[in-house]
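To start, the structure itself, in structure tokens.
The values are calculated or read from the model by the stated rules, or taken from the named source; none is laboratory data. Everything quoted here is computed from the prediction, not taken from an experiment. Cβ: placed from backbone, ideal geometry, glycine included. Neighbour counts: every protein chain shown. Accessible surface is based on the protein model in full, side chains and every heavy atom, while ligands, DNA and RNA are left aside. Shrake-Rupley method; radii C 1.70, N 1.55, O 1.52, S 1.80 Å.
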Amino acid sequence: MDKQDNFSLAKAYEPQLYENDIYKIWEESGFFNPDNLKATEKPFVISMPPPNATGILHLGHAAALSYEDLMIRYKRMQGHQALWLPGTDHAAIATQTKVEKILASEGTDRHALGREKFIERVKEFVATSRDTIQDQTKKMGSSCDWSREAYTFSDELSGSVNEAFVKMYNDGLIYRGLRIVNWCPRCASTLADDEVEYQEQQAKLYYIKYGPFVVATTRPETKLADTGLAVHPDDERYKDYIGQEIEIDLAGHKITVKVFADQEVDPEFGSGAIGVTPAHSVVDYEFAQKNNLKIIKLIDEQGKILASGGKYAGLDVQEARKKFVADLEQAGLLVKVEDYANNLSICYRCDTAIEPLTSEQWFVAVDKKIPSRQNKTLKELAIEAVKSGQIKILPSRFEKIYYHWMENLYDWCISRQIWWGHRIPVWYTADQKLIVAHDEAEAQKLAGGQKISQDPDTLDTWFSSALWTFSTLGWPNVEAKDFLKFHPTSVMETGYDILFFWVARMILMSEYLLGTKPFETVYLHGMIRDKEGKKMSKSLGNGIDPIDMINLYGTDALRLSLISGATPGADLKLYEEKIAGSRNFVNKLWNISRFIFSQTEHIHQVALEPKVTDKLDQAILAKFNKLIKEVTEHLDKYEFSMASVKLYQFTWTDFADSYVEIAKKQGNKEDVLLYILERLLKLWHPFLPYVTEVIWKQFNTQTLLMVEYWPQAQGKVDGQAILYLDGVVGVISRLRELKAENKIAPSEFPFCKIVSSQVSVEHLQLIADLARVKLTDKDIEIEPEKIWQCSIYINLKKAMSAKEKEELENYIKSLELKLANDSFIQNAPPQVVEENQKKLAESKQKLANN
RNA sequence: GGGCAUAUAGCUCAGCUGGUUAGAGCGCUACAUUGACAUUGUAGAGGUCAGAGGUUCGAGUCCUCUUAUGCCCACCA
């Protein structure tokens, strides 16, 4: 009995018992580090999109980690030196916001702490949340190289940030200028254009008597700083005013506006006249540039009215609006107020309404020709990298979106007024001379002994992330071993929601700084949603915590759930039942292994495909070879879900339900079973790393499955054998169907005679055993039923229902009609015609049998 | 306002360049079950492939329009 001694697998797979140990073994093996892998193929590299160092892992991260680890493990098994470089992002605004909230709950704020203490506080916070993220990343089974773990705010990476800044400044690609910017009053900082989100809101549209005009506005208070009035050039009502400067009295507040014409003005909207406030509207700022308007700054960085607002000075925007509207009304200048739906711009980090205002900031010039790059602009370089096909974006429709975004990009505002982030590497002398340097010492030298102070602003967090693929590999040291070996990276796997924030900027920076692409392929995954398709969020309470799922069902189950059904660019609905289903599959794989091992005298590896004579063995090997081919092809095409579905079907249906059952009856299949199982574990490993590695241990090879070679299909796929197996299974199913239909208990064995010239006696017996019928040689007085290559004589009948009969008759009719159609016979390929004839014959037979 | 995506069984999704009576998993129904697995097995019910036109011998699959949903972009005050 004591085959039990051969193996030690519990009845059900309990992931909690194994996962931590297995991860430790992997980690200690050193194989996460490509330096310890034999180089048989060129390196395969993924830079892990650095999660923000602020919080916990959510399902989006879990999905990304699953896809990335899948690719990395697959490539590693194929003999590539696979490098998956992990890290975290200091996430400037997000982190600062978070810590400010904590401070607020303690009744203090960053100003009370002061800059240095505040930064210390953020560092503490980041250190603990980074540990959490690292633990959770490990829990997902991620085979990333922790020895190369990076952090955007480390000394090394800060060095590359300064290097990039200085180089760009020297090339004239970074400049300081007074322009209108997006200002978040809560963050007290500028934002880049793409960091602004829009939220539809119900607003009021105020119609204000404005000298001889009426203007409509959603923000009446800004009218205090109007310096222009725009009308359509063909608008008869206002033609005479064009070019004039008009003084306007707004309930005591006097302004002077220059009237000008612009095609952009819609004469139908509102009154057809637009009051222009250059300092506080992006559109108006552009009007001002074109028409040489004065710019009066009305609102300050705290959202308060400046002295230019006259008696409203000192009020905050909302109060000023109220008061001003009341004053207008009293002066009889408020014509009417309408309800109006418009888009409010809000901060993507804290949802606060954005205040556009003019301010002196640092910008990256995206439209400036670069002499060292054949006079191309940053924009052009970034567009070309994709247009030329050097970088592929999956799914490809995002390439168009990418072009559109790039083409419409304005200069990128990179200075932020927050404290947490890379300090802008610019120093000022007492007489405001500006010094750009790599560090303070260099700046000091350049200042020639003068006293200097550093610019207080920090850089946009995306500036440092844009360098991620190479700053993590040693750049700016272009001789660095890692940089030479691993850049450009292979795949950038990330969510489509940060295509612009991050992917686009990495391309831009890499093309400019290195003259090469940062990666070959961009794989954009979709968002993870709940069963209703809603975004998972804390406020909705519909979020699933990946760690909870791992504790309940195991990491492998979670990973498989995130992989199957996911296609690039498409959102994935995830729900607990799906994860439970994956858990069931993992357990199935476990039990298949358990059974095979229990049947085996000595568990061993079977190096070569077993030589077999039985057609059923040939068939399962043929199906398996086909599977290897398909799975490999799907993975090469980034069709992860397809690969998992094919593996799932083979494992459960073909292998467990069909072949293992056959093997139980026939016996003596040890080598075929072991041969397939061993390779099946390998194929599954990138999807289900833990359970496969645990089972693998039973082979006692002292090797890790993680670094075993990816299986290769042997020879041509034997299609004949596959058809034979499918035929046998078909007959078994038919017999079971007849039994079930006739309410014959599974334990009963009705007599049955099966005649076939193609199927061996042994296999006929097998069919009978699996279908649970008793074979007899005696004649049974009944019309045989023809299934595949067998004639079945059995005293059972499935009575065709009236509906089924009707359906069959209709089907026969449609076939007859089709075959009677000359143009079908002429146009359709002969193969198709033949198939239809065959189907007709079969259907007629089936009808006759009833 | 522009663009993109999706629409197939109660639910989540396959269905490649047009040619099996449209498939899977979950759920549902019936039956079974103490030596791989109830995290199981066997069988079954369930769809006019969003709607309307068109191309074709033939359309879930191609074209046009319509509808619904979701997303992205956009300076309509």
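Overview of values
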quantity: For region A:543-682, size of Cβ-based charge dipole, Lys and Arg +1, Asp and Glu -1, in debye; calculated: 260
quantity: 10 Å-binned pair-distance histogram of chain A (Cα, whole percent); calculated: 2, 10, 16, 17, 16, 12, 10, 8, 6, 2, 1, 0
quantity: Percent breakdown of C-alpha pair distances by 10 Å bin, ordered from the shortest bin, for region A:315-428; calculated: 10, 22, 26, 22, 13, 7, 1
quantity: Region A:352-501 - accessible surface per residue (Å², probe 1.4 Å); calculated: 42
quantity: Largest-first ordering by accessible area, 1.4 Å probe, given options A:206, A:402; calculated: A:206, A:402
quantity: Cross-link reach list, lysines versus residue A:445, counting only Cα pairs under 26 Å and skipping chain neighbours closer than eight places; calculated: A:167, A:433
quantity: Pairwise centroid distance, computed over Cα atoms, of region A:200-215 with region A:514-544, Å; calculated: 41
quantity: P(r) histogram, all alpha-carbon pairs of region A:621-777 included - 5 Å bins from 0, percent; calculated: 2, 8, 15, 18, 17, 12, 10, 9, 6, 3, 1
quantity: Efficiency of FRET between residue A:156 and residue A:199 - r from beta-carbon atoms, R0 35 angstrom, step 0.05; calculated: 0.35
quantity: In degrees, nearest ten, helix A:670-684 long axis to first principal axis of chain A (Cα); calculated: 10
quantity: Proximal lysines to residue A:818, defined as alpha-carbon separation beneath 18 angstrom and excluding residues fewer than eight positions away on the same chain; calculated: A:838, A:839, A:844
quantity: Order by protection proxy (mean Cβ within 10 Å, highest first), peptides A:670-679, A:331-340, A:610-619; calculated: A:670-679, A:610-619, A:331-340
quantity: Lys, Arg +1 and Asp, Glu -1 on Cβ, resulting dipole of chain A about Cα centre, debye, nearest 20; calculated: 1040
quantity: Phi-based couplings in Hz for region A:36-41 (Karplus 6.51, -1.76, 1.60; Gly and Pro marked x); calculated: 9, 9, 5, 8, 10, 10
quantity: Cα-based equivalent ellipsoid, region A:618-696: semi-axes from gyration tensor eigenvalues, Å; calculated: 22, 14, 10
quantity: Shape category assigned to region A:249-295 from the gyration tensor of Cα positions, a/c cut at 1.5; calculated: oblate
quantity: Pairwise Cα inverse-distance average, inverted: Kirkwood Rh of region A:550-680 (Å); calculated: 16.0
quantity: Karplus-derived 3J(HN,Hα), 6.51/-1.76/1.60, for each residue of region A:43-55, Hz, glycine and proline x; calculated: x, 10, 10, 10, 8, 5, x, x, x, 4, 7, 9, x
quantity: For region A:214-337, the Rg and Dmax computed from alpha carbons only, in angstrom; calculated: 14.0, 42
quantity: Residue (of A:624, A:587, A:603) at the positive-pole extreme of region A:579-630, dipole from beta-carbon charges; calculated: A:587
quantity: Per residue, in Å², the accessible surface of region A:645-721 once ligands and nucleic acids are set aside, probe 1.4 Å; calculated: 38
quantity: Flagged links, alpha-carbon separation over 32 Å, of A:573/A:646; A:588/A:629; A:139/A:716; A:665/A:778; A:379/A:481; A:101/A:209; calculated: A:139/A:716; A:101/A:209
quantity: Too-long pairs where the Cα-Cα distance tops 29 Å, listed order kept, from A:290/A:336; A:626/A:664; A:400/A:517; A:368/A:535; calculated: A:290/A:336; A:368/A:535
quantity: Heavy-atom surface of region A:79-124, accessible at 1.4 Å and reported per residue (Å²); calculated: 42
quantity: With every protein chain in place, chain A: carbon and sulfur % of accessible area (1.4 Å); calculated: 49
quantity: Heavy-atom accessible area order for A:400, A:297, A:123, largest first, 1.4 Å probe; calculated: A:400, A:123, A:297
quantity: Isotropically averaged projected area of region A:1-97, using the convex hull of Cα atoms (one quarter of hull area), nm²; calculated: 9.5
quantity: For region A:634-739: relative contact order, % (alpha-carbon pairs under 8 angstrom, 6 or more apart); calculated: 18
quantity: Per-residue SASA entry for residue A:652, accessible area with 1.4 Å probe, Å² rounded to 10; calculated: 70
quantity: Relative contact order, percent, chain A [alpha-carbon distance under 8 Å, six or more residues apart]; calculated: 13
quantity: For residue A:349, solvent-accessible area (1.4 Å; no DNA, RNA or ligand), Å²; calculated: 90
